[in-house]
Structures are given as C-alpha cells and as structure tokens.
Amino acid sequence: MTWAWPERLLWLVALLPLTGLLVWALRRRARDLHRLVAAGVFASLVSPGVGTIRVVQAACITLGVALSLLAVAGPRLGFDWQQRKSQGVSIVAVLDVSRSMDAADESPSRLDRARRELEDLAGLLRGDAIGLVIFAAGAYARIPLTVDLDTFVWAVRDSSAETITAQGTSLASAIQLGTGMLSAAEGTGKAMIIVSDGEGHDKDPVLDEAVQAAVAAGVRIYTLGIGTPDGAPIPLGSGGGFKKDNQGNVVVTRLNESALSDLAAATGGAYVRAVPSLDDVRALYEGEIRTKLEASERGMLRDKVWREYYQIPLGLALLLFCFQSALGVRWRRVGTGAALLLAVGLLTPGLAWAGAREDGLGAYRNQKWQEAIAPLAQAALERPADMEVARALAEALYREGHFREAEQAFGRLAASAQDQGAQAIDTFNAGNAAYRAGRLDDALLRYQEALKQNPELEPARKNAEAVAKEIELRKNPPPPEEG
C-alpha cells in the first residue's frame, strides 16, 4: 500500500492532545459530580456502567478521528493504465529575419507582426509537430520538429535580424532546409509556412529548384504576407537613419504579394495576407492544413491512475461516530458534531477537488493558461495521481513562463512514469523548461537522460546537439561577419 499524501500521516500526532483532552474531560466531569452530591447519593443517581460508556465513547471518537486522518492521507493500492492517442501533421515555420522585416509599415515592425502571427499559430495547433527555420542571406534551423509549443514560441520571440549576421534574402536555402526537416518526419501530412514580405524572392535563380524538391517530397508550401503594398523605408541596424541606394535615395521595401502567391500555388498551398486578428493563421491552419493534409498518429500516451481506498477508513470512522452517538448519554452531541464534520470533510474535499479539476482543465483546454494554474494546482494537491491534471498543470506553468516550476512538474511526471517512452517525453519536456529558464547545462543533462530512456527520441537528440553547440558558441563566440 502507498499513500497519496504520506506527509499527512504526521497529522496523527494530533491524537495525543485529543486523547489528553478527552481523559481530562472525563475526570473533570466525575470530580464535578462528586462535589455536587454526596458519595452515597451519587451512586443512586447515576446508572451503573455510565462511566464505562463514556470511556467507550471517548475511544470511538479517538479511533474515528484516527481513521479519518488515514483517509485524508489517501491510501491506495495498485494502479491502472489509461491510454490516449496523439495525432497531428508536421509543420515547419520559415521566418524571414532580413533587414526589410524591420520596416515599420506594420506596427511596430514587420518582424514583430510576423512573430505574433507565429505565436497565434502555435495557439491553434492540436497534436502537431512544428519546427522553425529562420533566414536572411542564409538559413538556420532554429528549432527541430517538436510538440513542445512553448519552446517554439520562445525561439520565435528570440529571433531577429541580429540572429543571422549576413544580411540579404535566400528563401531557396530556407525551403531546402525545411524540406529536409519534413522529409525525415513520419506521416504524409507535411506543410511549410513561410512568413515574409516577399522581397527579393522572385530574383533567386535556385528558388524554382527548391520548390520542385519540396513538391517531390510531398511538402505543401503556404505563405503569409507581412507588410503593405505602399511599403516603408528600411531602418539601419545601428539606428542611424534608413537604408539608401547607390544614388543616395532612401530604399522603400514593399510587400510582394504576387511572388508569395505564386510560390504557394506552385505546391498546391495557399497565400494569406496578415491581418490584426486570428483570421489569417486560422484560415491557413484550419481551412487549409488540417483540412487538406492527413494527420498521422504520433503515438500513444499512457497515464497511470491509482486505485484509491480512502472510502474504507472513512466508512469505519462514520460507523464509530454513529455508534458512540447511539449510546444515549450527553456525549451524543460530541459524536453527532464529529460525524457531521466528517461528513462535510468527506463531501467537501471531493466536491472541491472535482470543481477545481473541471475548472482547471476547462481553462486549460481553452488555452487560458494563467486561469488554469490555480485550480489545477489545487486539484493536483488533492489527487497527485491524476496524470491528466499533472500534465495540464506542467504545460500551463510552461506556457505562462514559470519555467522553473514547469521543469520540476515535468521532472515529477518522469519520476512517476512506469513506461520508458512516457518517461523520456517528460524528461525531454523538463529539459525544454530548463532551456527556457536559461540553464543550458541542466537542459543538456535532461536531453541526454531522455535519450538514455528512449534512444529513438529524435527531438531530444537534436535539441541536445543544438544546446551543446550553443554552449560552445557562448564560450567561444565567432568573429562578426562582414557584409
């Protein structure tokens, strides 16, 4: 037998003062009665066995409280596994971080709007794996395909024109890189979403070749246009004015919708212009990707559900309280009160737990992460064996930026997992939380541990390699490139 809350067994210490109080009450009552009446009269007024009855009642109360405390500690014996499926498609988001994306015809800039669009996209995903490629004059795989949406959002927010030193526009290399990532993914549903202003894309001589390779790999390209046809000047990175051409004229960058539309049409995808709402990314994701692409099963997740046996000590406690109340002397009021308190204690925690669970999971499903944390934490405290609540709490903490707490929550899930596959995923998520918290060494250790638990967990391998490179890069930063 195990206990859901073994620390609550310490509450049994409260039986010592309770027992002392009952013994003191018995003795004081007898002493007070002897003071009121003479000894001979007392014997004739009090029925034989009353003292014994009071002792039995006190014992019933004490034992009933002890059993109630045992019930509160959550006795459990054995568990069952519950399985649930995870399905989705594979998506690579390609983000343009060239200098033209710093133009301010979108508020506060095109790049800020692009980042918000990808954050909105992450909020719509359900069971999909998503990766991130950023590009300017070259392309860089920022995040491999992962189901960890918070790490994806963090990488999006952390991407800027300074992320890639060499400036220019090389969409072809970004498409080639994204196609390679999707070609290695399982399933047939593969999409690439290019978020860009389209500038310079129709001048790349190898772009057609990259697009045809994507088509051959079964990848559909969708484009999301950022900017306005009227355009805006390109601010210089140093903050000293705007970019000028060789004649000294200010360069104006404009949204190239035709290039982006032709690019999407060539692969059977679609083009949407960014607007200040969810309509644009919702049209791409729900109207195109999840409607036209086939979602594949991404595995089975198993949750461990313990068999709870708190009803047995609670039922015995109720019987004891009812028995002592039926003995018919004045202590009936004590037993009745205790029985009422126990009934309230029996019902209220269950109702409170159920209410908190539903409120928390409801807010979680509606992606109201901040609202979900408090009720989920309460439900997790009452029923730590509820894996659905534990996972929802860990993800809500992650999404709200409480990365330290999220790492601990995922770590606890990994420690309690019986299946190595689920254990590896929880350890991987703990590593992502450590990475988001800025503890790269801890993140690397988590990824390596996840690989020991499941050597085939490719996202953990890729993240471990990326973090190792980032640690090395921070120790030995490369010299700035010219150009």
The conditions are (1) at pLDDT below 70; (2) open to solvent by 40 Å² or more (accessible area, probe 1.4 Å); (3) of a type outside the set (Val, Ile, Thr); (4) under 30 Å from ILE221 (Cα atoms), and GLN82 fails exactly one of them. Which is it? (4)
Residue selected from region 261-279 under the condition under 22 Å from SER109 (Cα atoms) and in contact with a helix residue (DSSP H, G or I) (Cβ under 7 Å, 6 or more places away or on another chain), by the criterion most open to solvent (accessible area, probe 1.4 Å): ARG273
Mind listing just one residue for me: the one in region 140-160 that is small (Gly, Ala, Ser) and either in contact with a strand residue (DSSP E or B) (Cβ under 7 Å, 6 or more places away or on another chain) or buried (at least 22 other Cβ atoms within 10 Å of the Cβ) (or both) and, of those, farthest from ILE425 (Cα to Cα)? SER159
Any residue at all in region 265-274 that's farther than 30 Å from ALA295 by Cβ and of a type in the set (S, T, N, Q)? no
Restricting to region 215-237, give me the number of residues that are of a type outside the set (Ser, Thr, Tyr) and either part of a strand (DSSP E or B) or on the phi > 0 side of the Ramachandran plot (or both). 10
Being in contact (Cβ under 8 Å) with a residue 40 or more places away in the chain, basic (Lys, Arg) and out of contact with any Gly (no Cβ under 8 Å at 6 or more places or on another chain) is the filter; apply it to region 109-141 and report the residue that is nearest to GLU465 (Cα to Cα). ARG115
Got at least one residue in region 190-199 being at pLDDT 90 or above and among the hydroxyl-bearing types (Ser, Thr, Tyr)? yes
Give LEU121, LEU77, LEU67, LEU63 a once-over and let me know the one that is part of a helix (DSSP H, G or I), open to solvent by 70 Å² or more (accessible area, probe 1.4 Å) and either at pLDDT below 90 or on the phi < 0 side of the Ramachandran plot (or both). LEU63
The condition of being assigned to a helix (DSSP H, G or I) and either at pLDDT below 90 or open to solvent by 10 Å² or more (accessible area, probe 1.4 Å) (or both) holds, among GLY168, GLY180, GLY187, only for GLY180
Within region 431-439, identify whether any single residue is over 15 Å from VAL147 (Cα atoms) and loosely packed, with under 13 Cβ neighbours inside 10 Å, and answer yes or no. yes
Residue check: is VAL156 at pLDDT 90 or above, over 20 Å from the mean Cα position of the chain (by Cα) and not in a loop (DSSP other than H, G, I, E, B)? no
Please name all residue pairs, on different chains or six or more residues apart, with Cβ atoms under 9 Å, provided the first residue is in region 426-441 and is within 16 Å of ALA392 (Cα to Cα) and assigned to a helix (DSSP H, G or I) and the second residue is open to solvent by 30 Å² or more (accessible area, probe 1.4 Å) and among the small types (Gly, Ala, Ser). ASP426/ALA415; ASP426/SER416
Within region 380-396, is even one residue open to solvent by 30 Å² or more (accessible area, probe 1.4 Å), in a helix (DSSP H, G or I) and within 22 Å of LYS462 (Cα to Cα)? yes
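The values are calculated or read from the model by the stated rules, or taken from the named source; none is laboratory data. Bear in mind the structure is a predicted one, so any value in this text is a computation, not a measurement. FYI the Cβ positions are ideal-geometry reconstructions off the backbone, even for glycines, and counts take in every protein chain you see. Surface accessibility is based on the protein's heavy atoms, side chains included, excluding ligands, DNA and RNA. Shrake-Rupley method; radii C 1.70, N 1.55, O 1.52, S 1.80 Å.
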